[in-house]
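To keep things clear, I will list the structure first and then write my remarks on it.
The values are calculated or read from the model by the stated rules, or taken from the named source; none is laboratory data. Values in this document were obtained by computation on a predicted structure and should not be read as measured data. Because the Cβ atoms are built from the backbone with ideal geometry, glycine has one as well, and the counts that use them run over all protein chains shown. Side chains included, ligands, DNA and RNA excluded: accessible areas come from the protein's heavy atoms. Shrake-Rupley method; radii C 1.70, N 1.55, O 1.52, S 1.80 Å.
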Amino acid sequence: MKTIFALLCALATASVSGQPFPSRPVKIVVPTSPGGATDALSRQIGARLSELWGQPVIVENKPGANQIIGAEYVAKSAPDGNTLLVSDASSFVINPHLYRKMAYDGLRGFTPITVLVRFPWVVAVHPSVPASTFQELVAHARAKPGALSYGSFGLGSSAHISVDYLKKLLGIDIVHVPYKGAGPAVTDLLSGQIQMMMVTPLLVEPHARAGKLRLLAAATRERIARLPELPTVSESGVAGYEAGTWFALVGPAGMPREVTHALYAEVKKVLNEPAFRERYVEKQWFEIVANTPDEFAAFVQTDYERWEKRIGLSGVKVE
């Protein structure tokens, strides 16, 4: 088995037609607007792959319909490895449970290549909220139902579902305010237009250090290494609670196995290059995953089932 895999990776190279891969420009589709975390990571990986391959790697944004437009475009593309998708979990394990009619299958419509990174979330509040711990936030929300509002980066987004699921577990009422992206929501959090967010520390930790926001808990299984004093939501009274998302690289269903594994090997190498890792992974609060295509396939099936249960309990609906 190891010999076969080594041979496939060594061919980084061979496509079914015998032509070197890639023999022409590769397109990475990002189903969100320019400037977000998905877009930035895709462009950084694409630029490095272009250097390694000696071929252009073009990043094309196709936002809309909660990432469905870009995902559908890739699902319907030729499965030759020249059109790829970088998306968060929504395209694969969330949208299929939210939308009754979709033109692609979240599990079977793609060839899994690898989960690139995962990133943690924290619970951040405006300083006007009279809470210095997560438990105090919950007590305040129970005492004043509907008085607090939280922002998410879109109706039906992973953040929306994760907070509404948490609300159901705790029996509290916090009003949801959806935004077109995390950036605008953080802007309103800073101004006090909303009082809470569950979001990547990349966008809020600097403001917390400056005293403009307060971090109450990490929504991770274990404490975040760079924020060791910040307790988790699970430690703070909601045992087992975990939230966050991941970015994955996929192609259309039916890609040749040798092309899939060649792409995996190259992308894994890029992610683990010390300079790339320091600048584009660790500074962005990402955690490298880089699992194999087979591991990714098993993981996405499990996560699909997890989100199905979470969405059902959250009561979130978009149609």
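Once amide H atoms are placed 1.01 Å from N in the peptide plane, what residues at a sequence separation of 5 or more from THR245, or on another chain, have their amide H within under 5 Å of its amide H?
Answer set, sorted by chain and number: PHE119.
First compute the accessible area of the chain with a 1.4 Å probe, then give the percent of it belonging to carbon and sulfur atoms.
54 percent
What is the distance in Å between the Cα centres of the range 65-93 and the range 173-198?
Here the answer is 28 Å between Cα centres.
If I compute Rg and Dmax of the Cα atoms in Å from the structure I just sent, which labelled value in (1) 21.5, 80; (2) 20.2, 68; (3) 18.0, 57 lines up?
Checking each listed value against the structure points to (2).
Would you mind working out the magnitude of the charge dipole of the chain relative to its Cα centre, with +1 at each Lys and Arg C-beta and -1 at each Asp and Glu C-beta, to the nearest 20 Debye?
Computed charge dipole of the chain: roughly 280 debye.
How big is the equivalent ellipsoid of the range 183-237 along its three axes, where each semi-axis is √(5λ) from the Cα gyration tensor, reported in whole Å from largest to smallest?
For the range 183-237, the semi-axes come out at 21, 12, 9 Å.
What percent do you get for the relative contact order of the range 196-319 when only Cα pairs under 8 Å and 6+ apart count?
After rounding, I find 15 percent.
Within the set LYS62/LYS167; LYS76/LYS167; LYS62/LYS268; LYS180/LYS268; LYS268/LYS309; LYS76/LYS101, which residue pairs have Cα atoms separated by over 27 Å?
Those over the limit are LYS62/LYS167; LYS76/LYS167; LYS180/LYS268; LYS268/LYS309.
What's the ranking of 206-216, 252-262 by average number of surrounding C-beta atoms within 10 Å, highest first?
252-262, 206-216
Would you please calculate the Kirkwood hydrodynamic radius of the range 110-193 over all C-alpha pairs and express it in Å, rounded to one decimal?
Its Kirkwood hydrodynamic radius stands at 14.1 Å.
Go ahead and set up a Gaussian network model of the chain, Cα springs under 10 Å, then flag whichever of ALA103, ALA219, ALA265 fluctuates most.
Of the options given, ALA103 has the highest mean-square fluctuation.
Using the heavy atoms of the protein chains alone and a 1.4 angstrom probe, what is the accessible area of the chain per residue in square angstrom?
Result: 44 Å² of accessible area for each residue.
Quick one: what are the phi-derived ³J(HN,Hα) couplings along the range 255-260, Karplus 6.51/-1.76/1.60 with θ = phi - 60°, whole Hz, x for glycine and proline?
In residue order, the calculated couplings are 5, x, 4, 5, 6, 4 Hz.
Convert each backbone phi in the range 239-254 into a coupling constant with the Karplus relation 6.51 cos²θ - 1.76 cosθ + 1.60 (shift: θ = phi - 60°), then list the ³J(HN,Hα) values in order as whole Hz, x for Gly and Pro.
Each residue's phi maps through the Karplus curve to give 3, x, 5, 8, 8, x, 8, 9, 10, 10, 10, 9, x, x, 4, x Hz.
Using amide H atoms built 1.01 Å from N in the peptide plane, name the residues 5+ places from LYS27, or on other chains, whose amide H lies under 5 Å from its own.
So LYS27 has HN proximity to ILE58, THR83, LEU84.
Using the charge dipole of the chain (Lys, Arg: +1 at Cβ; Asp, Glu: -1 at Cβ; taken about the Cα centre), state which of ALA210, GLY146, TRP53 has its Cα farthest towards the positive end.
The residue sitting farthest along the positive end of the dipole is GLY146.
FRET efficiency for ASP173 and GLU273, Cβ-Cβ distance as r, R0 = 35 Å, nearest 0.05?
Here the calculated transfer efficiency is 0.15.
Please express the shape of the range 31-84 as an equivalent ellipsoid: the semi-axes are the square roots of 5 times the eigenvalues of the C-alpha gyration tensor, given largest first in whole angstrom.
Taking √(5λ) for each eigenvalue gives 20, 16, 6 Å, largest first.
Simple spin-label model, 7 Å along Cα-to-Cβ: ALA47 to THR302 in nm?
In this crude spin-label approximation the distance works out to 3.5 nm.
In whole Hz and in residue order, list the ³J(HN,Hα) couplings for the range 73-87 that follow from phi through the Karplus curve 6.51 cos²θ - 1.76 cosθ + 1.60, θ = phi - 60°; x for Gly and Pro.
These are the phi-based 3J(HN,Hα) values: 4, 5, 4, 9, 7, 5, x, 10, x, 8, 10, 10, 10, 10, 9 Hz.
With a Förster radius of 30 Å, plug the Cβ-Cβ distance of ALA103 and LYS144 into 1/(1 + (r/R0)^6) and report the FRET value to the nearest 0.05.
The pair ALA103/LYS144 has a calculated efficiency of 0.10.
Put +1 on the Cβ of every Lys and Arg and -1 on every Asp and Glu Cβ in the chain; which of ILE224, PHE276, ASN66 then has its Cα farthest towards the positive end of the dipole?
ASN66
With no solvent and one equal point scatterer per Cα, compute the Debye intensity ratio I(q)/I(0) for the range 247-319 at 0.19, 0.22, 0.25 Å⁻¹ and report its log10, rounded to two decimals.
-0.92, -1.01, -1.10
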